[in-house]
Amino acid sequence: MNAPLPALAHAHETPWSEAEFEARLRGMNARYHIYHPFNQRLNSGRCTPAQLRGWVANRFYYQINIPLKDAAILSNCDDRETRRLWVQRLLDHDGYAGEPGGIEAWARLADAVGIDRDALWSCEQVLPGVRFAVDAYVNFARRAPWQEAVCSSLTEMFAPKIHQDRLAGWPSLYPWIDDEGLQYFRHRIPLAQRDVEHGLAVTLQHFRTAAEQQRALDILQFKLDVLWSMLDAIEKAYPL
């Protein structure tokens, strides 16, 4: 059974061409959390060290749940080729064979902004709103058909820009952050581009009818809402 999601609009009657469908998916970048007021403050140098630490600590909860989300997709996926490609995402975050992985890279960002490792891993600073949003995403991946969970990952289409902004601005805006702490953003740009290629191929192949295409847009909006809601909670907890 499909996990329920609110519809964005009435479904169109005729399926879009593959090119039009992809364009509509990519066009949802206007709802990405890069435009959230907190992120705009963050990337313009207007966040205090306490606010930045609050963001890093809360976002860590998202980072440690990404492999759980991907494992859920794998557990539901009956397509061998997809599993062989998707498993790389778990390794990217958890690390393997001398490669520390994305979770460790984020922990090093926490080191660089002055968060104690034990406090970080305890998740004691994670806000209820952030926990609720992230848990909702993981639970969606567990319950939804694997193709729908794959579709929800397509917010990565919009991620390279947000990482590039941080790499371009943070060294001068937050010179107190050691450069080693920014490695997460450097690593994620090529990985996000690789992951989008596969996730988009699955989505374009699976969602064919008009109703299915609308469903895909609704799923992507759900994931955009997860990311936006996280920043809503952080902004409220760490006001100017």
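Taking the range 112-128, which residues are surrounded by fewer than 17 Cβ atoms within 10 Å (Cβ to Cβ), touching a helix residue (DSSP H, G or I) at 6+ places or on another chain (Cβ under 9 Å) and part of a helix (DSSP H, G or I)? Please lay out each step first, then the result.
Here is the first cut: in the range 112-128, the ones surrounded by fewer than 17 Cβ atoms within 10 Å (Cβ to Cβ) are 114, 116-119, 121-124, 128.
Filter once more, so that each one left must be touching a helix residue (DSSP H, G or I) at 6+ places or on another chain (Cβ under 9 Å): 114, 116-117, 119, 121, 123-124, 128.
If the condition is that a residue be surrounded by fewer than 17 Cβ atoms within 10 Å (Cβ to Cβ), touching a helix residue (DSSP H, G or I) at 6+ places or on another chain (Cβ under 9 Å) and part of a helix (DSSP H, G or I), then R117, A119, W121, P128 are the ones that fit.
What number goes with the only condition from (1) farther than 30 Å from D78 by Cα; (2) of a type in the set (A, V, I, L, M, F, W, C); (3) out of contact with any helix residue (DSSP H, G or I) (no Cβ under 8 Å at 6 or more places or on another chain) that L182 does not pass?
So the condition that L182 fails would be (3).
Tally time: how many residues in the range 137-189 are among the aliphatic types (A, V, I, L, M) and within 23 Å of A211 (Cβ to Cβ)?
Qualifying residue count for the region: 6.
Report, by residue number, each residue of the range 162-187 that is assigned to a helix (DSSP H, G or I), open to solvent by less than 80 Å² (accessible area, probe 1.4 Å) and of a type in the set (A, V, I, L, M). Talk me through it step by step, then tell me what you get.
Start the filter on the range 162-187 by keeping residues that are assigned to a helix (DSSP H, G or I), which leaves 162-173, 179-187.
Still in the list and also open to solvent by less than 80 Å² (accessible area, probe 1.4 Å): 162-163, 165-167, 169-171, 173, 181-185.
Residues satisfying the conditions are I162, L167, L173, L182.
For the structure I just gave you, tell me whether L85 is assigned to a helix (DSSP H, G or I), more than 29 Å from Q51 (Cβ to Cβ) and in contact with a His (Cβ under 7 Å, 6 or more places away or on another chain).
Here the answer is yes, as L85 does meet what is asked.
Considering each of A11, A71 in turn, give the residue that is open to solvent by 10 Å² or more (accessible area, probe 1.4 Å), farther than 18 Å from Y184 by Cβ, out of contact with any Pro (no Cβ under 8 Å at 6 or more places or on another chain) and at pLDDT below 95.
On the way: A71 fails: at pLDDT below 95.
When all the criteria are applied, what remains is A11.
Give me a count of the residues in the range 74-84 that are over 18 Å from the mean Cα position of the chain (by Cα) and surrounded by 15 or more Cβ atoms within 10 Å (Cβ to Cβ).
Residues of the range 74-84 that are over 18 Å from the mean Cα position of the chain (by Cα), as a first pass: 75-84.
Subset that is surrounded by 15 or more Cβ atoms within 10 Å (Cβ to Cβ): 76-77, 82.
Residues that pass the stated criteria total 3.
Scan the range 41-69 and report the pairs whose first residue is in contact (Cβ under 8 Å) with a residue 24 or more places away in the chain and whose second residue is among the acidic types (D, E) and part of a helix (DSSP H, G or I), with Cβ atoms within less than 8 Å and a gap of 6+ or a chain change.
N43/D165; N65/D135; P67/D94
Does the range 216-227 contain at least one residue that is of a type in the set (K, R) and either open to solvent by 30 Å² or more (accessible area, probe 1.4 Å) or more than 21 Å from the chain's Cα centre (by Cα) (or both)?
There is no residue in the range 216-227 that is of a type in the set (K, R) and either open to solvent by 30 Å² or more (accessible area, probe 1.4 Å) or more than 21 Å from the chain's Cα centre (by Cα) (or both).
May I ask you to list the residues in the range 86-108 that are without any contact (Cβ under 8 Å) to a residue 40 or more places away in the chain and among the small types (G, A, S)?
Residues satisfying the conditions are G95, A97, G98, G101.
If a residue must be in contact with a Lys or Arg (Cβ under 7 Å, 6 or more places away or on another chain) and assigned to a helix (DSSP H, G or I), how many such residues does the range 38-75 contain?
Residues that pass the stated criteria total 4.
In the range 188-211, which residues are surrounded by fewer than 17 Cβ atoms within 10 Å (Cβ to Cβ) and either small (G, A, S) or touching a Pro at 6+ places or on another chain (Cβ under 8 Å) (or both)?
Those that are surrounded by fewer than 17 Cβ atoms within 10 Å (Cβ to Cβ) and either small (G, A, S) or touching a Pro at 6+ places or on another chain (Cβ under 8 Å) (or both): I189, Q193, A201, R208, T209, A210, A211.
Do you know which residues across the range 92-111 are open to solvent by less than 60 Å² (accessible area, probe 1.4 Å) and not in a loop (DSSP other than H, G, I, E, B)?
Within the range 92-111, D92, H93, G101, G102, I103, E104, A105, W106, A107, L109, A110 meet the criteria.
Working only within the range 142-189, note down all residues that are farther than 22 Å from A112 by Cα and β-branched (V, I, T).
Of everything in the range 142-189, those that are farther than 22 Å from A112 by Cα and β-branched (V, I, T) turn out to be V150, T155.
Across the range 44-68, which residue is nearest to the chain's Cα centre (by Cα) among those that are under 21 Å from S229 (Cβ atoms) and either modelled with pLDDT under 95 or open to solvent by 60 Å² or more (accessible area, probe 1.4 Å) (or both)?
Taking the candidates together, the pick is L68.
The values are calculated or read from the model by the stated rules, or taken from the named source; none is laboratory data. This one's a predicted model, so the numbers in the text were calculated from it and none came from an experiment. Cβ coordinates were reconstructed from backbone atoms using ideal geometry, including for glycine residues, and neighbour counts include every protein chain displayed. Areas reflect the complete protein model, heavy atoms only, side chains present, ligands, DNA and RNA absent. Shrake-Rupley method; radii C 1.70, N 1.55, O 1.52, S 1.80 Å.
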